[in-house]
Amino acid sequence: MTTTFTTSLDTTFKKEVFEGLSAFPKYLSSKYFYDKKGDKLFQDIMAMPEYYLTGCEFQILSNHTETIGELFRDREKGLDLIELGAGDGKKTKVLLKYMTKNNFNFVYKPIDISENAVELLSNNLAIEMPILNVDAEVGEYFEVLERLKGFNKRKKVIMVLGSNIGNLKHPKAIEFLSKLKEAMLSNDLLFMGFDQKKNPQTILNAYNDETGITEAFNKNVLTRINREIGGNFEVEKFKHWEVYDPETATAKSFLVATEPMQVTVEKINLTVNFEKWETIHTEISQKYDDKIVSWLAEESGLEIVTSFSDDKEYYKNYVFR
Ligand code: AVI
């Protein structure tokens, strides 16, 4: 006998794919880029010279390790360091090393939507930093936030690196920040990365590499639909297209049909038609400045304590309470 398990993530995926491909214009959520292959592609993106975000944030964490670490410290009861969207934890390790070396009493709680990423990170930390106390979890941001509310025994520092907030439109970002605020007590801190406005060409290049890594990453959502819910997308017939609007400071990714097509997705009983040059909008990567971040903070009931920038001022990490 074979038993199939349907998790809530499965049903959400099916529901959202159905909705997005039935809509006009069509869309799919970028959160579905991340499976084993997508995680690897994202790691490759982070290593690309064009994708400056990772290097900038790494520089900030390396240049200000002590100041940031000491902001986090609670000498009385210690703290829980909760990282949403932890990924491979490469940048966080700079802080984790400082904190373990300097006798911080803390638990590191990495949380990621990708089971694969959480597993890899936990295994890696067990080898690289065996004295670290790690309590990892798989989950979606909004769902995890509900659980964080019960986490009120000692100081919480919540970290969201990589400008991950940029994948949410402003109203959703405000909802996210408001929920974080609801989960925080007066002693808690939020440490968050925001990619900044800069030369539009620099931003466009970060999402439009010639090697095609970003293209493969963008198309991974179609590959997942094919593999997981019986789609028959001919992935090579879609073109990766990136635009950056300097007025709204939004980078947008699309998949564009290069010929008319009919696609079926068996497990959700869906047949969709694509006209030639019809689009699927797959991702936004919002860029920021101090004004926008102050506005987001105000709308969410948060207060900016301080911020840290890289040498080129391409990227900033803000501390909120
Ligand atoms: C995870 N996130 C913040 C990345 C970004 O910059 O929007 C995802 C990404 N998409 C294309 N390249 C990287």
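Nothing in this text is a laboratory measurement; each read-out follows from the coordinates by a stated rule. Worth saying up front: this structure is predicted, and the values here are computed from it rather than measured. Neighbour counts run over all protein chains shown; Cβ positions are idealised from the backbone, glycine included.
For the reader, a short list of remarks on this structure follows.
- Restricting attention to region 140-159, the residues that are in a loop (DSSP other than H, G, I, E, B) and either at positive phi or among the acidic types (Asp, Glu) (or both) add up to 1.
- Any hit, region 54-63, residues being within 16 Å of the ligand (Cβ to nearest atom), crowded, with 16+ Cβ neighbours inside 10 Å, assigned to a loop (DSSP other than H, G, I, E, B) and not polar (S, T, N, Q): no
- When the test is whether a residue is over 22 Å from Phe58 (Cα atoms) and loosely packed, with under 15 Cβ neighbours inside 10 Å, Glu115 does not pass it.
- The residue that is nearest to the chain's Cα centre (by Cα), among those in region 176-188 that are hydrophobic (A, V, I, L, M, F, W, C) and under 22 Å from Gly89 (Cβ atoms), is Phe176.
- Selected residue [touching a residue at least 60 places away in the same chain (Cβ under 8 Å), over 19 Å from Glu57 (Cβ atoms), out of contact with any Cys (no Cβ under 6 Å at 6 or more places or on another chain) and away from the ligand (no atom under 16 Å from the Cβ)] from Glu234, Glu228: Glu228
- Residue selected from region 196-222 under the condition of a type in the set (Ser, Thr, Tyr) and either in contact with a Lys or Arg (Cβ under 7 Å, 6 or more places away or on another chain) or closer than 15 Å to Trp241 by Cβ (or both), by the criterion surrounded by the fewest Cβ atoms within 10 Å (Cβ to Cβ): Tyr207
- Comparison of Asn208, Asn187 shows that the only residue that is in a loop (DSSP other than H, G, I, E, B) and under 30 Å from Phe72 (Cα atoms) is Asn187.
- For region 72-109, a residue qualifies if it is more than 16 Å from the ligand (Cβ to nearest atom) and in contact (Cβ under 8 Å) with a residue 40 or more places away in the chain, and the qualifying residues are Phe72, Asp74, Lys77, Gly78, Leu79, Asp80, Leu81, Ile82.
- The listed residues are Tyr318, Tyr314, and the only one of them that is in contact with a Cys (Cβ under 8 Å, 6 or more places away or on another chain), crowded, with 20+ Cβ neighbours inside 10 Å and closer than 25 Å to His64 by Cα turns out to be Tyr314.
- Filtering region 160-175 to residues that are farther than 25 Å from Lys93 by Cα and either part of a helix (DSSP H, G or I) or touching a Phe, Trp or Tyr at 6+ places or on another chain (Cβ under 7 Å) (or both) leaves Leu168, His170, Pro171, Lys172, Ala173, Ile174, Glu175.
- Residue list for region 268-278, restricted to those being surrounded by 15 or more Cβ atoms within 10 Å (Cβ to Cβ) and either over 12 Å from Gly20 (Cβ atoms) or in contact with a Ser or Thr (Cβ under 8 Å, 6 or more places away or on another chain) (or both): Leu270, Val272, Phe274, Glu278
- Residues satisfying the stated conditions in region 30-49, i.e. surrounded by fewer than 17 Cβ atoms within 10 Å (Cβ to Cβ) and among the acidic types (Asp, Glu): Asp44
- Scanning region 237-267 for residues that are over 21 Å from the mean Cα position of the chain (by Cα) and β-branched (Val, Ile, Thr), we see that the one that is surrounded by the most Cβ atoms within 10 Å (Cβ to Cβ) is Val265.
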